[in-house]
Ligand SMILES: [Zn+2]
């Protein structure tokens, strides 16, 4: 039985699965290569993915050529995404969506560092530097009658700052 692309008025063979919903339902429709490409352009793949799935996906960006399909055979949303991504032709990893998404993605270490410095996750380097100076002044023993009660906090802040300087400074 030949399956025809589900796109309106298309007569090509439907070979590629396009998820219908961003959940784990197994609903999909089959599209031809041309239309799965169109579909992929419009679909925000990364919304509603769990942290683990996203991280696995990003890691695969580096290794996917050698990657074995390690996901179960169920056709849930992520699986469909995954098999689409493995199709070199679909070029998901080279899409601007994916690149922007990866750029906007920050690691847990980075988040922790931002939290310690009481900064938003999108703070820029100059903002980080300003905040660091402020915090150092605030928690320095000299500003607290020589008390070292903030010593640990100050240490954490310094570590957080150097973490962010290393990571953000390169961007
Ligand atoms: Zn089609």
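The values are calculated or read from the model by the stated rules, or taken from the named source; none is laboratory data. Remember, predicted model here, so these are calculated numbers, not experimental data. As a convention, Cβ positions derive from the backbone with ideal geometry for all residues, glycine included, and neighbour counts pool all protein chains shown.
Total residues in region 28-53 satisfying the condition of being at pLDDT below 75 and either more than 24 Å from residue 107 (Cα to Cα) or buried (at least 16 other Cβ atoms within 10 Å of the Cβ) (or both): the figure is 8. Criterion applied to 135, 159, 119 was being part of a helix (DSSP H, G or I) and either in contact with a strand residue (DSSP E or B) (Cβ under 6 Å, 6 or more places away or on another chain) or crowded, with 17+ Cβ neighbours inside 10 Å (or both), and the one residue passing it is 135. Cβ-Cβ distances below 7 Å connect the following pairs, each with a first residue in region 13-26 that is closer than 15 Å to residue 1 by Cα, a second residue that is at pLDDT below 85, and a separation of six or more residues or different chains: 13/2.
Report yes if residue 130 is under 30 Å from residue 37 (Cβ atoms) and either modelled with pLDDT of 85 or more or surrounded by 12 or more Cβ atoms within 10 Å (Cβ to Cβ) (or both), otherwise no. Taking the combined requirement at face value, the residue does not satisfy it.
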